[in-house]
1. Does A:Ile94 fit the bill of being under 27 Å from B:Ile165 (Cα atoms), β-branched (Val, Ile, Thr), in contact (Cβ under 8 Å) with a residue 24 or more places away in the chain and outside any loop (DSSP other than H, G, I, E, B)?
2. Could you check B:Phe134 against (1) more than 7 Å from chain A (Cβ to nearest Cβ); (2) open to solvent by less than 60 Å² (accessible area, probe 1.4 Å) and say which number it fails?
3. Residue by residue through region A:74-95, note down the ones that are under 19 Å from B:Ile61 (Cα atoms) and facing chain B (nearest Cβ under 7 Å).
4. Check off (1) open to solvent by 50 Å² or more (accessible area, probe 1.4 Å); (2) at positive phi for B:Glu38 and give me the number that stays unchecked.
5. Would you please name the residue that is most open to solvent (accessible area, probe 1.4 Å), looking only at residues in region B:170-185 that are within 9 Å of chain A (Cβ to nearest Cβ) and not hydrophobic (A, V, I, L, M, F, W, C)?
6. Taking B:Ile159, is it at pLDDT below 90 and surrounded by 16 or more Cβ atoms within 10 Å (Cβ to Cβ)?
7. Please pick out the residue among A:Met106, A:Met148, A:Met121 that is touching a residue at least 24 places away in the same chain (Cβ under 8 Å) and facing chain B (nearest Cβ under 7 Å).
8. Given the options B:Leu6, B:Leu14, name the one that is surrounded by fewer than 19 Cβ atoms within 10 Å (Cβ to Cβ), at negative phi, away from chain A (no Cβ under 13 Å) and in contact with a helix residue (DSSP H, G or I) (Cβ under 7 Å, 6 or more places away or on another chain).
Amino acid sequence: MIYLKLFISFLKIGAFSFGGGYAAMPLIESEVVSTHHWLSAAEFGDLITISQMTPGPIAINSATFVGIRIAGVFGAVAATLGCILPALILVTVIAWLYMKYRKLSMLQSILAVLRPAVVAMIAISGVKILMQAFGLNEMTIESIRLHMVVIFIVCMVLLIKYNKNPIFVMAFAGVMNLVYNILKF
Amino acid sequence: MNKKVLINLFLSTLYLSAFTFGGGYVIVTLMKNKFVDECHWIEEDEMLDLVAIAQSAPGAIAVNGAIVVGYKLAGIIGVLVATVATVIPPFIIISIISVFYTLFRENRFIAYILDGMQAGVGAVIASVSIQMGFDIVKANRISSIIMATVFVLSLYFKINIIYIILLCIFIGVIKTLVQAGKKAV
């Protein structure tokens, strides 16, 4: 039965994709393209492009995309459920343990070490997005996109000085780039 | 009270998930903005602990983040409410796009807006990281060193996040044992 196959396949993806996002990509590829032939390699490439262009985790996007193409909306539901079920159980259990035992001195000192590490990881995710946005990944002068740097600075001022809503700032950044590109031609 | 929290949790996670362009850390940053700074439902330290939990389990950080925040605010019902709300936006968006995807992919205006949003997303993450980074630096020197070390290890040496978390746990355990030893002497 196709619903069960989709469910189990994405259950595996959900259970073994540590590190989120791009770490999950090879696993999704092997299940969806190599093992089950639900998508061709080209379609998988399209899926990744669409995932980058839209909100939402890549695993959830893949589950919906593959599910709907193979077995319609119910296929998408089955695949998505499979994808989130492992995290739903495991993360809830860890959160419960945390709430119960966080007063313990051992856990306290582990968390004290983890907190600054988490701040660093959040900062790194920002650095990576900005490197990509500014065109710094290619390491050539021509690839640097100055208008993106300007948009970034405007956004920082809006966020820090004027305390604007982050979602408004993100959307505004998109509009600024659209206007820039229209004026350029 | 409880019903109000659930409705607010549902609407907030739904809204935040619709704007998680650029990976899971964006939603974590937006959640911190919403639940720590705006609603004051979670403390900053606790939020960092929750992010660490979200990260140490398999699955997408956005979904795991919703699970831990949901659990913290309203237990198991909170988990279900937050998870469903987080999955709905990508589910609907991908379902629609999977039908029109060639059209969507080739639309230049959409591409410009999404491209520009990267700079905005980077700015949102940067502003939150700067604020949390300052809090850490003010708190104590050891935390600042941990933050800087993790930043370098992960960004330049590309050490997997899982190993960094395990290392932090190890350091925390050693610290507790050393302190316990001192007390015994």
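The values are calculated or read from the model by the stated rules, or taken from the named source; none is laboratory data. Computed from a prediction, not measured in an experiment: that's the story for all the values here. Don't worry about glycine lacking a Cβ; one is built from the backbone with ideal geometry, like all the others, and counts go over all protein chains shown. To get the accessible areas, we keep the full protein, side chains included, count just its heavy atoms, and leave off ligands, DNA and RNA. Shrake-Rupley method; radii C 1.70, N 1.55, O 1.52, S 1.80 Å.
1. Numbers: under 27 Å from B:Ile165 (Cα atoms): yes; β-branched (Val, Ile, Thr): yes; in contact (Cβ under 8 Å) with a residue 24 or more places away in the chain: no; outside any loop (DSSP other than H, G, I, E, B): yes.
No.
2. Result: B:Phe134 passes all but (2).
3. So in region A:74-95, the residues under 19 Å from B:Ile61 (Cα atoms) come out as A:79-95.
Of everything in region A:74-95, those that are under 19 Å from B:Ile61 (Cα atoms) and facing chain B (nearest Cβ under 7 Å) turn out to be A:Thr80, A:Ile84, A:Pro86, A:Ala87, A:Leu88, A:Leu90, A:Val91, A:Thr92, A:Ile94, A:Ala95.
4. Just one mismatch for B:Glu38, condition (2).
5. The selected residue is B:Gln179.
6. On the way: at pLDDT below 90: yes; surrounded by 16 or more Cβ atoms within 10 Å (Cβ to Cβ): no.
Against the criterion (at pLDDT below 90 and surrounded by 16 or more Cβ atoms within 10 Å (Cβ to Cβ)), B:Ile159 does not qualify.
7. The conditions single out A:Met148.
8. Details: B:Leu14 fails: away from chain A (no Cβ under 13 Å).
Unique residue meeting the criteria: B:Leu6.
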